[in-house]
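A.B. asks: I'd like to ask some things about the structure below.
The values are calculated or read from the model by the stated rules, or taken from the named source; none is laboratory data. Values in this document were obtained by computation on a predicted structure and should not be read as measured data. Positions of Cβ are backbone-derived with ideal geometry, glycine not excepted, and every protein chain shown enters the neighbour counts. The protein model used for the area step is the full one, side chains on, heavy atoms only, and it has no ligands, DNA or RNA in it. Shrake-Rupley method; radii C 1.70, N 1.55, O 1.52, S 1.80 Å.
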Amino acid sequence: MKYVYILSNGPGELWDWARPLAYELVKNEIKPLLWLLPCQYASGMERACAELIPFHEVIGPYNWAKTFAEMRKAKDVGLVMQLGGDLMFGRFLSKTSGAKLFCYTYGKKRGLPSCSKVFTAYEVMARSIKSDGVYPHVIGDLVADSLRLNSVPSGGDELSSNGSSSSRRVAFFPGSRFSIRRKALPFLHEVCLYLKSVMDVEVVTLLSPFSLNDEMYAWEEAGLNPRRQPASTVLKGVDLALTQPGTNTLELLYLKVPTLVAVPYAFLSDIPFSGFKGALLRLPWIKGKVFDLLSKKRGMLSWPNKILGRELMPELVGDFTPKQIAEAMARFLKDDTWLKETSASMDRFSPAKGASKRLVEEIKQCLV
């Protein structure tokens, strides 16, 4: 029997893309194998989380050299489906096995012309990818399908009120990478303290399913009320979320939660850049100038803003302190009109569901 080899790497790609696809493949009696690729953004918990998903087998992660060596031995490869990571791995496995290579991506990647088919979520993404003979198929957003997997009956997981009926509820998203969360803990602790000093708020922090139990204790001790339950239940009743750019901005859009997207410069030093760019950004006097330039010419960072072509989610990019972030949150939390209009705009947006089903139909045609 031929298998669908799913190549994935970081937390977001595995949980939000590979997971719904794996469930849909199994539903269609197709066996998915997950190959975890080497990744500078990995949390270290990918394999443990992958074992909660119905993959026929989980391979890796290995270092680059061993990944290529093991790919030479891969057997019964019916199709290679790349969901995140460097396409050199998918191209290599496709070439050595003779199987076709599919790729799902939100943006342009090096090596896409080598793919038999390229898929994406929205037309605006397709326009940015289209070039060099690459014509992506718009099939919807796997993140929307991932949220449907998270849906559970209400009861106990959502933010419960311990304050007055007039209190506002806020949610923090510290990210899926340990290095970012480690720096976010004291930063968000300060944000929380200042916010509570100026208004009546309740706080919940959504930790990644890739986080460790020790982290839960640390966030609890900081008074940040950590949860690892699905966002679709924890976010019920939340008035405002604070997050960073990534797939979680799409989750918040689909769940209709007004959101601020923050990128304080203090966190950019923990984003791993490779090669010459990484070496340059390790020099403080260069890094400051680069960040200032990026701030002026960055355009919109969050996916909802890019898709809609306007700033639905305000973006705070710059040398912001915890107090400044908290002050911005307080302004928006006190603005009932903005909260209602933003939620209404999100409610009118129709998420592109059904991507996993459409992708499986394409895969089935290839496996015949």
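A.B. asks: Can you give me the three principal axis dimensions of the stretch 1-78 from its C-alpha atoms, in Å, biggest first?
C.D. replies: 33, 27, 15
A.B. asks: Moving to a separate point now. Just the number, please: carbon plus sulfur as a percent of the accessible area of the chain, 1.4 Å probe, no ligands or DNA/RNA counted. Intermediate results must be reported in sequence, preceding the final value.
C.D. replies: Working: 8760 of 17100 Å².
It is 51 percent, rounded to a whole number.
A.B. asks: Whose amide H sits under 5 Å from the amide H of HIS137, counting only residues 5 or more places off or on another chain, with H placed in the peptide plane?
C.D. replies: VAL118, PHE119, THR120
A.B. asks: Sticking with this structure for a sec: Could you check the spin-label model distance between GLU220 and LEU339? Points 7 Å from the Cα along Cα→Cβ, value in nm.
C.D. replies: 2.9
A.B. asks: As I understand it, the value is the acute angle between the Cα axis of helix 87-97 and the longest principal axis of the Cα atoms of the chain; what does it come to in degrees, rounded to 10?
C.D. replies: Once rounded, one gets 20 degrees.
A.B. asks: Can you tell me which lysines have their Cα less than 16 Å from the Cα of LYS31? Leave out same-chain residues fewer than eight positions away.
C.D. replies: Within reach: LYS2, LYS75, LYS357, LYS364.
A.B. asks: Rank GLY223, GLY90, GLY133 by mean-square fluctuation in a GNM of the chain with C-alpha springs under 10 angstrom and give only the top-ranked residue.
C.D. replies: Answer for the Gaussian network model of the chain: GLY133.
A.B. asks: Give me the mean projected area, in nm² to one decimal, of the convex hull enclosing the Cα positions of the stretch 1-134.
C.D. replies: 7.8
A.B. asks: For the chain, what does the accessible surface come to per residue with a 1.4 Å probe? Please give it in Å².
C.D. replies: 46
A.B. asks: Same structure again: Going highest first, how would you order 6-12, 340-346 by mean Cβ packing within 10 Å?
C.D. replies: Numbers: 6-12: 26.3, 340-346: 14.9.
My ranking of the peptides, most packed first, is 6-12, 340-346.
A.B. asks: Which trypsin sites (Lys or Arg not before Pro) does the stretch 88-123 hold that lie in a coil by DSSP with at most 11 other beta carbons within 10 Å?
C.D. replies: On the way: sites: ARG91, LYS95, LYS100, LYS108, LYS109, ARG110, LYS117; in loops: LYS108, LYS109, ARG110.
Taking the stretch 88-123 and a limit of 11 other Cβ atoms within 10 Å, the loop trypsin sites (Lys or Arg not before Pro) found are ARG110.
A.B. asks: Please give every one of the aspartates and glutamates within straight-line cross-link reach of LYS306, meaning a C-alpha to C-alpha distance under 15 Å, and leave out same-chain neighbours fewer than 8 residues apart.
C.D. replies: Within the straight-line cut-off, LYS306 pairs with GLU123, ASP141, GLU251, GLU315.
A.B. asks: I want to verify a result. In a Gaussian network model of the chain, Cα cutoff 10 Å, which of these has the top mean-square fluctuation: GLN82, GLN244, GLN40?
C.D. replies: GLN40
A.B. asks: Report, to the nearest 10°, how far helix 322-333 tilts away from the longest principal axis of the Cα atoms in the chain, using its own Cα long axis and a range of 0 to 90°.
C.D. replies: The helix 322-333 is inclined about 80 degrees to the chain.
A.B. asks: Run down the lysines and flag those whose C-alpha is under 16 Å from the C-alpha of LYS109, throwing out any fewer than 8 positions away in its chain.
C.D. replies: LYS117, LYS130
A.B. asks: On full extension of the chain, what length is gained from LYS130 through LEU52, given 0.36 nm per residue of separation minus the C-alpha to C-alpha distance?
C.D. replies: Between LYS130 and LEU52, full extension yields an extra 24.6 nm.
A.B. asks: What's the angle, to the nearest 10 degrees (0 to 90), between helix 355-367's Cα axis and the longest principal axis of the chain?
C.D. replies: Computed tilt is about 10 degrees.
A.B. asks: In the chain, how does Rg compare with the Kirkwood Rh, expressed as the Rg/Rh ratio over alpha carbon atoms? Don't skip to the answer; put the middle values down first.
C.D. replies: Details: Rg = 20.9 Å, Rh = 21.7 Å.
When Rh is taken as the Kirkwood radius, the ratio is 0.97.
A.B. asks: Moving on to the next point. Distance between the C-alpha centers of the stretch 80-130 and the stretch 8-77? Whole Å please.
C.D. replies: Between the Cα centres of the stretch 80-130 and the stretch 8-77 lies a distance of 16 Å.
A.B. asks: Once you place label points 7 Å from the Cα toward the Cβ at GLU123 and LYS2, how far apart are they in nm?
C.D. replies: 3.4
A.B. asks: If we sort 17-27, 197-207, 318-328 on the protection proxy, mean other Cβ atoms within 10 Å, highest first, what's the order?
C.D. replies: 17-27, 197-207, 318-328
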